[in-house]
Amino acid sequence: MKAFLAVVAHHFARSRVRLCGAGFTPAICSLLLPLSLLLCLSALNAHAAKPALTEVRVYPADINLRTSGDRQSVIVQATYADGLTRDVTAESSFALANKKLANLAVTATGSTLTPLVDGTTELRVKFSGKSLVVPVKVEAAKTAEPISFIRDVMPVFTKAGCNTGGCHGSSRGKDGFRLSLFGYDPDGDYYRLTRESITRRINLALPEESLVLEKATNRVPHTGGKLFTPESEHYRTILAWLQAGAPKDKANVPQVVRLEVHPKQSVLAGEGTTQQLNARAFYSDGSDRDVTTLTVFMTNNDVAVKVSETGKLTALARGEAFITARFETQATGVQALSIPKDLNFTWPASVAEANYIDTHVNAKLRKLRLAPSAVCDDATFLRRATLDITGTLPTPEAVRAFLADSSPQKRETAVDALLSRREFVDVWVMKWAELLQIRSADQQEQMSTKSALQYFDWLEDQITQNVPVDVMVKNLVTASGPTFENPAANFYKVERDTLKLAENAAQALMGVRIQCAQCHNHPFDRWTMNDYYGFAAFFSQVGRKPGEDPRETIITNSASGGVKHPVGGKDVAPKFLGGPAPELAKGADRRAALADWLTAPDNPFFARNLANLVWSHFLGRGIVDPVDDVRVSNPALNPELLDALAARLVSSRYDFKQLVRDICTSRTYQLSSAPNDSNAGDDRNFSHAAVRRIRAEVLLDAITAVTGAAEKLKGLPDGARAVEIADGRTSTYFLTTFGRATRETPCSCEVKMEPNLSQALHLLNGDTVNAKVLNGGLVKKLQKAGRTRAEIIDELYVRTLSRPPTEKETTALAAFFGESKKEDVVLNDLFWSLLNAKEFVFNH
Amino acid sequence: MQQPPPHAPWQPNRREFLYVGLLGTIGATMSDLFRAQAHAATPADAATLDTVAKAVAANPRAKSVINIYLPGGMSHQESFDPKINSPIEYRGPLEAIKTKVDGVYFSENLKETAQIADKITVVRSMTHGEAAHERGTHSMFTGYRPSPAIQYPSMGSIVSHELGPRNDLPPYILIPNQSTPYAGTGYLGSAYGAFAVGSDPATDGYSVRDLTLPGGIDPARFAERREMRSVVDAHFSALEKSDALDGMDSFYQRAYAMISSDKARAAFDIKAEPKKVRDDYGRNAAGQRMLLARRLVEAGVRFVSLTYGSWDHHDNIKRANGTQMPNFDKAYATLIRDLDERGLLDSTLVIVNTEFGRTPKINGTAGRDHWPKVFSIALAGGGMKRGYVHGSSDATGGEPDADPLSVEDYAATIFNQVGIDPGKAIMTPGGRPQFIVKDGHIVKELLA
C-alpha cells in the first residue's frame, strides 16, 4: 500500500510541474501545491522506508543568560527507530515566547541567544511535528561582567594550545616563556605574563602591541605559528583584558565545578554526516556559561569520527570514537559511532542469548551493525576454558572424554568441574600477587624473602578461603601491627613512599592512573593536582617502626603528617578520588575512612575494576582496556555490560566463581575466533574470540606438563608450577623472555604478551623445548608401550593442541617418515614442531 | 599523517604493527574499523607531525652506535677532566698526563686514550640533576628525566622502532645482558627490545644464547624440523588471523634468517678474530666486549650497548680506578684506532657514557660520592669532531663552566646523527604522544 502511494505521489508531483509549465494559471498551480507537497512528504517517508522519528532533544534543556556579554547556543538532535541520530538544528524552527528578552541568531555552534532585557520566557523548538519548550531566564542584561584572567583569558591559552607540553606548558617553557601545563597554576601564569619580564609580554599603553598578541597572531615570528586572527573572539578576549589594565582576579573567583557536553551519543550514518556538540560549564557561584568555542575537543579515533575546533563531529570511516572535551580543570566525554549509509545489515536469527552478558554484548553489536561469530567447536572450547580457568592444558583423557560426551549440557558441566579445581585458585593468587607487587627487594632489609613469602601465604589463604574481596582489601588498606603477625601489613612495606602508595592503590584497586596529576592536571582525564594530593593524604599518616626481627616492620597509624601541594606548599586534606572530603577527627586512622569508601557497594570504581579484571582475563581484552587505565578519554566500551558484571560481583558478595561461571557459559565467551563478513574489523566489542598468546608462566607449565620433563624453580618444591611462584623476584630466562610480570609495579603492562626475537630463538634453539622433549622421553615411553606410529602422532596432537590431527596433516606428516630414518627421531621432531606451533603457543 | 619510517617489511613500528596483518589478510578498508586508540591529536602533536615529514636525514652520518656504559658513575676527575690546578683534596690522588691534543690533559690511567685524543670529542660539561643511580641511568639511557607516569624507551629501542633491523641481525644488541630496566623498551612494545648476547665474550665458555643449534641437531635436521613445523602450523594459519600471530611469524622468520645466515652468526663469533687483535683489545671484559661490539656494527647492527666495570667508587678511588681504568683505556683506544683503520669510525658513533660524575672533594674514605651537576663523557666518530673538548667544568669540577650539555641536547644530537628526527612524536599506548626527545637541541658545536 505504501509503495503504491509513493508511486502515485511521485507521478503526481512530476505531472504537476508539467502541468504548470504547460500554461496553467498560477492560481491553479498554487491550489495544487499544498496537496502535492503533502503527498510528497508521505511519499518520501514511504519510498526510503525511513525509520520513524522516535525522539527529538534540545540541548541545553534550560537557558540562563546572565550579564550582557553572555550567550547560549542551542542544538537539536533527532533519534530514529533504527538507532541513528541526526543533527536537525538547521531544520528546526526556533521562536521565543517573548522576543524582547533575547536576540536569536544562527551561529557556527547552533541557534544562539544573547540577552536584551531581564525576565523569563521560553524558547519553542519545532521539528517534524514535534515541539519542545526550553525555559529561558535573562538576568543583569544591562550589566557587563568585568573581565577575568582565570575565567576568560586562561581558557584561551588552553584552547589555542599555548600551555600544552610541546609549547609553553613545557616544564622549562618554550622560547623563554613558560605557562603552567594546561593551566594548573593560574597565579604563576599571571605572574609570568605580567611581572616576570616587565614591559616585554604585555603593553598596557598600547595593548594591541603586546607581545602576547603579536606572537599569537604571528605578527612577530612565533615558533607556534599563527594561533588566531585579530578578528577572532580569542583575540578580543585577551585584548579586552589588556585594555582593562590586565587586572589580577580577586580571591574567590568562581571555580568551574562541572562540564556538560551534549549529545552523549551520536550514531551518524554516512561519511560526511555531522553533529554539533554543545558544551556548558557550571561555576561554583551557580552560574553557567556556553563554553563550546573554548572547550578543547579530542577524538580518540580520527579515522572514524573527527571533531572540529568548535565541536562539530564529522563521520568518516566506519567505527567508534570517544570525544574528550576539556575546559579548565574539567573533562568529560561523549561517544560517536560512524555507520555506513544504507548498510544492508540483518541481525542473524540464530543468535541465542545464554545470559545477561550476551544481552549487553549483543545490544552493542546491533548498534554497530556487527553480527557475532558462530560458536566454537568442542575441542576449541575445552582448550580455551581449561587454559583460562585453570592455567593448564586439558589432559588427553579429558579431551577424548569431552569430545565423546553427547550431553547438551557438557560445556556447563565442564566449566563447573574446572572451577572446582585447585589450579583455578592458583591463577587468581598469581594475579593478586601481581596487583599487590609481592616481591622481595634487592635490599633484604626493605622487603625480605621471608616477608614476601609470608605476604604470599596470607594472600593464598584469603583466596583459598574465598574471603570476599571487599573484606580482603579492607584488611589490606587498614592493616596495622607487626608484619610477621599480620602479613597484610606488608601492603605498607612493599611501598613506603606516600605518593607511590596512593598511585599504586588507585591503579591496582580502582583501575585509575593518577600519576600524571602529581605534576599537572591530567590532560586526558578529570584528575587535578588537588584530587591527587587529596587522595595521597589518606596514606600520609602511616607509621613504620622496626620490629624485633630486622626483617619485620610494625605498621601503625602515626596520627600525624600530611602531603603538601607543590603549588602553594600547603597541607592537603584527605579527599576521596572523585568523591567528597570526609570529616575526620584529628588522629583518626585516615585509612579506615578510605577503606570504607573504597569497598562500599556504590563505589564507582572498586567492583567495576574487579569485574573488568576478570572479564579481561577470559576475553583477552578489558571492557576498559588496559584494565588499569580508566579515563574520560578511555571509557568502558560497553558500560552496561561492565555495570552488570560489577553488580553481579556485589550481589554475590564478591564470589569470583559465580562471575566466572556466568562469563564462561555465555555465548559471547564461546564464540569462534573466526570472524564473519560484518565483524572482521572489530577487535574491541567481543564479536568474535580473541586469539591470545598464552602468558609466560602458563606456557612454561604447559611445556613441562606435555613433555613430562620437570622444571625446577628456585625456592619452590619439586613439581611446583611457575604459576605458583610466590616471590616476584624468582624467574627464569624463559619466564623473563616471555614477559612474566616482575611485580615491580602494579601496572597491567608488567605482563608482556608481544612476540620478540628472543622468544622465537628460545623456542627453536633454547634449552626449554628441545631438552624437555628429550628428557621427558615421551615418545620412547609410548613406543615401549607398543603404541603405533599413528597412535603416537594422535597422542602428541591431543596433548599439545587438544585435538587429533586432521587427515591432511596425517598425510603430509607421513612423508617425513622415510625408511632410512629412525622413527623416534622423527616423532621427537614432530613433538618439537608442535611445541613451536602457533596453535600451541596461543589460546584461541 | 606522518610518513612511515623506512622499515623492512617484517619490522613495522608499533602502530603499523596493528595494521600490517590486517592489510595483508582482509583488505585495507578493514584496517581502519574500530581500531584501538587512534590518534589523540593535540595542537602540539600537530605541530610536530609537520616537522616529521621533513625529518629523517636521507643519509645519516652514523650508521651504527656503540654505547659503552660505565655503570656506577665514573669520576670525571679521574678520567677526562683532571683538575690539575686544584688543591689536593679536589685534585685527588691521580696525576694528569698530556694527550695528543695540545693543552688537553687526561687522568694518568688513560695513557692509551691520550694517544687517540686527536680522534675523539670529550665533553666535560655533561650535566643533569639526578644523583641516584637509577635516575641517572634512566637519564643517560633514555634522554629523559624519570617520570612517575610513563616508562620511556631506551635510545636503542627507539633506534629499533624507527630504523628496524639490517642484514638479518637484530637492530639493538646488549653485551652481555640487560643490566638496567632503562635499557628496555619503555612504552614501546617488547618487539623493540634488545637482543642480549647473554654471555660474556671474555670468558672461554662464551656462546650466544639460543643462536646455535642445540647439540645433536645438525643443519639438515633443523631444516627438516622447520619444514615439519610449517606442516603443523598450516592448519591454524589458514583458520586464524591476528596481528599477534603475524608478529610471531615475523619473529620466527627473523630467527630462521639469523640461525641460517653464516654471516649473521659469524658476527657474534669472537673466536674468528685473529689472536693478535683479541690481545690488542685486551683479554678481559672491556676488551672483548668492545671487540664484539665492533664485529656486530661491522656486520650491520645499528645500536650496540655494552657495560664494563663498576664505577661507584665511594672508597679508595685510587685503587678502584687503578684496577678498572687501564683495561678500559687499552680497549677503548684500540677500538677507536681499529674503527678508524677500517674506515668505520666516520660511520660509527662511539659513546663513553656513565650515569653521573663524582663529588669535587675526596671524601673521608678516600673516594668520591655521586655528583650529577657536571661530569664527562666521550663521543667519537659518526660525524663528531676529532680532537675536540666540548664545554668545561669549573676549577673544582663542581659546576659546568662553559657550554653545559643537557641530557636532552645530548640525546637529540645522537638521534640526529643516526638519522632520526628527535622532534618526532610517538603515540604511547595510553594515547599520549611523546616526543623522541623533549626540548632537545642538536648541538652543532659537537659536529665535524
- Query: Tally time: how many residues in the range A:255-311 are away from chain B (no Cβ under 14 Å), touching a Leu at 6+ places or on another chain (Cβ under 7 Å) and among the charged types (D, E, K, R)?
  - Reply: 0
- Query: So, in the range A:255-290, of the ones that are over 12 Å from residue A:330 (Cα atoms) and β-branched (Val, Ile, Thr), which residue ends up surrounded by the most Cβ atoms within 10 Å (Cβ to Cβ)?
  - Reply: A:267
- Query: Right, residue A:177: touching a His at 6+ places or on another chain (Cβ under 7 Å), of a type in the set (A, V, I, L, M, F, W, C) and without any contact (Cβ under 8 Å) to a residue 40 or more places away in the chain or not?
  - Reply: yes
- Query: Would the range B:148-168 turn up any residue that is among the hydrophobic types (A, V, I, L, M, F, W, C), touching a residue at least 60 places away in the same chain (Cβ under 8 Å) and within 9 Å of another protein chain (Cβ to nearest Cβ)?
  - Reply: yes
- Output the residues belonging to the range B:206-243 that are at the interface with chain A (Cβ under 7 Å from one of its Cβ atoms), assigned to a loop (DSSP other than H, G, I, E, B) and under 16 Å from residue A:673 (Cα atoms). B:240, B:242
- Mind listing just one residue for me: the one in the range A:499-548 that is in contact with a strand residue (DSSP E or B) (Cβ under 8 Å, 6 or more places away or on another chain) and of a type in the set (Phe, Trp, Tyr) and, of those, farthest from residue A:433 (Cα to Cα)? A:524
- Query: Residue check, residue A:467 against (1) in contact (Cβ under 8 Å) with a residue 24 or more places away in the chain; (2) part of a loop (DSSP other than H, G, I, E, B); (3) touching a helix residue (DSSP H, G or I) at 6+ places or on another chain (Cβ under 9 Å), all met but one. Which one?
  - Reply: (1)
- Counting residues that are without any contact (Cβ under 8 Å) to a residue 24 or more places away in the chain, which strands (runs of 3 or more DSSP E) fully inside the range A:63-146 reach at least 2? A:102-107, A:119-127, A:130-139
- Message: Looking only at the range A:150-173, how many residues end up being more than 30 Å from the chain's Cα centre (by Cα) and either farther than 18 Å from residue A:211 by Cβ or surrounded by fewer than 20 Cβ atoms within 10 Å (Cβ to Cβ) (or both)?
- Response: 5
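Matching residues to (1) assigned to a helix (DSSP H, G or I); (2) touching a helix residue (DSSP H, G or I) at 6+ places or on another chain (Cβ under 6 Å); (3) more than 20 Å from residue A:653 (Cα to Cα):
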{"position": "A:450", "(1), (2), (3)": "yes, no, yes"}
{"position": "A:453", "(1), (2), (3)": "yes, no, yes"}
{"position": "A:459", "(1), (2), (3)": "yes, yes, no"}
{"position": "A:463", "(1), (2), (3)": "yes, yes, no"}
{"position": "A:471", "(1), (2), (3)": "yes, no, no"}
{"position": "A:474", "(1), (2), (3)": "yes, yes, no"}
{"position": "A:485", "(1), (2), (3)": "no, no, yes"}
{"position": "A:490", "(1), (2), (3)": "yes, yes, yes"}
- strands (runs of 3 or more DSSP E) contained in the range A:307-398 and holding at least 1 residues charged (D, E, K, R) and surrounded by 21 or more Cβ atoms within 10 Å (Cβ to Cβ): A:319-327
- Taking the range A:173-220 and the residues there that are among the small types (Gly, Ala, Ser) and part of a helix (DSSP H, G or I), the one that is farthest from residue A:154 (Cα to Cα) would be A:216
- Message: If I filter the range A:813-844 down to residues being more than 9 Å from chain B (Cβ to nearest Cβ) and in contact (Cβ under 8 Å) with a residue 24 or more places away in the chain, which single residue comes out as surrounded by the fewest Cβ atoms within 10 Å (Cβ to Cβ)?
- Response: A:823
- Can you pull out the residues in the range B:244-287 that are hydroxyl-bearing (Ser, Thr, Tyr) and either surrounded by fewer than 21 Cβ atoms within 10 Å (Cβ to Cβ) or away from chain A (no Cβ under 14 Å) (or both)? B:256, B:260, B:261, B:281
- Task: Give the number of residues within the range A:194-217 that are free of Cβ contacts under 8 Å to residues at least 24 places away in the same chain and not polar (S, T, N, Q).
- Result: 10
- Item | All positions within the range B:128-148 that are closer than 20 Å to residue B:192 by Cβ, of a type outside the set (S, T, N, Q) and out of contact with any strand residue (DSSP E or B) (no Cβ under 7 Å at 6 or more places or on another chain) | B:138, B:141, B:143, B:144, B:146
- Give the range A:494-522 a look and list any residue that's surrounded by fewer than 23 Cβ atoms within 10 Å (Cβ to Cβ), at pLDDT below 90 and outside any helix (DSSP H, G or I), or say none. A:519
- residue B:337 vs (1) part of a loop (DSSP other than H, G, I, E, B); (2) over 17 Å from the mean Cα position of the chain (by Cα): all pass except (1)
- Message: For the condition in contact (Cβ under 8 Å) with a residue 60 or more places away in the chain, surrounded by fewer than 19 Cβ atoms within 10 Å (Cβ to Cβ) and more than 21 Å from the chain's Cα centre (by Cα), what is the one hit in B:100, B:83?
- Response: B:100
- Would you be able to say whether some residue in the range A:800-809 is closer than 27 Å to residue B:157 by Cα, in contact with a helix residue (DSSP H, G or I) (Cβ under 8 Å, 6 or more places away or on another chain), within 10 Å of chain B (Cβ to nearest Cβ) and crowded, with 19+ Cβ neighbours inside 10 Å? no
- Can you name the residue in the range A:695-735 that is without any contact (Cβ under 8 Å) to a residue 40 or more places away in the chain, surrounded by fewer than 22 Cβ atoms within 10 Å (Cβ to Cβ) and outside any loop (DSSP other than H, G, I, E, B) and is also farthest from the other protein chains (Cβ to nearest Cβ) among such residues? A:735
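The values are calculated or read from the model by the stated rules, or taken from the named source; none is laboratory data. Just so you know, these numbers come straight off a predicted model, no measurement behind them. As a convention, Cβ positions derive from the backbone with ideal geometry for all residues, glycine included, and neighbour counts pool all protein chains shown.
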